[in-house]
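Data block below; observations after.
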């Protein structure tokens with residue numbers, strides 16, 4: 001979502017919650033993040049959402065945690081996951097969902113999907129590193145020197161109290 005930075009498939013540039021929020025609130029400069037977005041009480045929906053998350057962690061009130069949003073930054077979240085709050089109405093009878101309406105609404109969604117590539121494209125070609133081949137090719141003088149190093153390491157290790165694992 002371009003307004004609240006929520007991740008996930010949407011049917012427009014903004015999520016449903018931001019579209020609803022923008023219909024009811026005027027655009028202005030947010031007092032917390034200084035972006036030009038719809039505001040409620042001087043703060044945008046994203047900052048108010050982050051304040052609710054922070055208040056849940058600290059056990060405080062949501063609007064009172066707005067000052068913490070500037071200090072802690074924004075936590076990314078998945079869009080369109082908030083459920084509508086139903087009022088506690090004991091006389092309310094839940095309606096049966098109409099299948100035809102849901103199928104028609106699902107057919108209207110246009111979800112952007114990234115193109116799946118079978119392999120990662122090569123950005124540039126690195127020259128082959130020939131150092132390991134040169135080391136193996138010129139190994140004879142090193143192997144002769146190795147015959148002199150092994151007894152010296154064993155002698156030094158024995159004098160310093162090294163274990164066999166260190167000497168190997």
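So which of 105, 154 is at pLDDT below 70 and surrounded by 10 or more Cβ atoms within 10 Å (Cβ to Cβ)?
Checking each option against the conditions leaves just 105.
Residue-wise test of (1) modelled with pLDDT under 65; (2) at negative phi.
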| site | (1), (2) |
| --- | --- |
| 22 | no, yes |
| 40 | no, yes |
| 51 | no, yes |
| 59 | yes, no |
| 63 | yes, yes |
| 79 | no, yes |
| 87 | yes, yes |
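Residues of the range 2-52 being within 22 Å of the chain's Cα centre (by Cα) and surrounded by fewer than 17 Cβ atoms within 10 Å (Cβ to Cβ), which ones?
2, 5, 7, 8, 9, 11, 12, 13, 16, 33, 35, 52
The values are calculated or read from the model by the stated rules, or taken from the named source; none is laboratory data. Computed from a prediction, not measured in an experiment: that's the story for all the values here. Cβ sites come from the backbone with ideal geometry, for glycine too, and all protein chains shown count toward neighbours.
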